[in-house]
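The values are calculated or read from the model by the stated rules, or taken from the named source; none is laboratory data. Here the structure is a predicted model, which is why all the values come from computation and not from measurement. Every residue, glycine among them, receives a Cβ derived from its backbone with ideal geometry; neighbour counts consider all protein chains shown. Ligands, DNA and RNA are excluded from the accessible area calculation, which covers all protein heavy atoms including side chains. Shrake-Rupley method; radii C 1.70, N 1.55, O 1.52, S 1.80 Å.
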Amino acid sequence: MMTCCPHCQGADRFFNQRIAAADLRDYRRHGPSGTTKRLLDALQAGGVAGLTLLDIGGGIGVIQHELRAAGVSAITGVDASRAYLALARQEAEKRGYADNVHYVHGDFVALAERIEPADIVTLDRVVCCYPDMAALMTNAAARTQRFLGLVYPRDGWWTKLGVRMLNLYPRLRGDAFRTFVHPTAAVEGIIADHKLRRIVHHEGALWQVAVFAR
C-alpha cells in the first residue's frame, strides 16, 4: 500500500538505504538510546503486555522491536521510507515475530482512514518531519486507545534556528523534504481535544518526550 504526498516522497529519498543501514547497525550494537529509550521506559512503566502498537514513522523499528520483546501482541508500522520499512521487516524476521507486524508504506495522514486504532500509538521524532501537524496529530490521537507517545522538538529559538540551517541541505538539492518545529501548545491542544491527558513529560536541550493516556 502506498500513498505519498510530495513531502513524503522527499522523505523516502532522504531516508535512504545508506541511512537506514547505519541506523540498524547502531541499534544492533547499542540498543535504544537517548530520547527513544526514555520514551520506551515511560511506556513500559505503564504496562504494555498484550497491547497493540501503531508506530508512525518508526524507521528501522526500534520501538516495535523493544515493545514486542516487552509483550506487545500486534504491531502496525507506517513509514514513508521504503528503506526503513525493509530493514524493520528484516529485523522483525530475525527476531521471529514478522507474522505479527503489518507494514504500510506511505503518508500516514493520507492512509489514516484505513489504519486500525491501537492501544499504543508512537511518533518518535516524526512530528518534526511533517508539514501539516494538525492533520498528523488529529489522526494519531483519534487512533489512540490507551497511550500516545511522542518525541518532538522543543519550540525554542535555538531549535528553530537549527532547523532553519538543517533545511538548507534539502533545499539546495531541490528536495521537498523539510524539518519543522511546531508549537508545543498547538500539539498538546489537539491531543487534549481527543481526551488524552499528559502523564509523562521530559524536556532536554533540543527534544521533549511526552506520553499521554486516555
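Some points to look at:
- Inter-probe distance in nm under a simple model that places probes 7 Å from Cα toward Cβ, at residue 145 and residue 41: 2.9
- The 1.4 Å probe gives accessible areas that order 137, 165, largest first, as 165, 137.
- Kirkwood analysis of region 110-199, using all unique Cα-Cα pairs, places the hydrodynamic radius at 14.1 Å.
- Ordering 187, 19, 96 by the projection of their Cα atoms onto the charge dipole of the chain, which places +1 on the Cβ of Lys and Arg and -1 on the Cβ of Asp and Glu, puts 19 at the extreme positive end.
- Computed from label points 7 Å out along Cα-Cβ, the spacing between residue 201 and residue 163 is 1.8 nm.
- For the chain, the relative contact order comes to 23 percent (Cα pairs under 8 Å, sequence separation of at least 6).
- Global geometry of region 173-212, whether rounded, prolate or oblate, following the gyration tensor of its Cα atoms and the 1.5 cut on a/c: oblate
- With every protein chain in place, the chain: carbon and sulfur % of accessible area (1.4 Å): 53
- For 94, 37, 195, the ranking by accessible surface with the largest value first comes to 195, 94, 37, using a 1.4 Å probe.
- Three-way shape label, the chain, alpha-carbon gyration tensor, a/c 1.5: rounded
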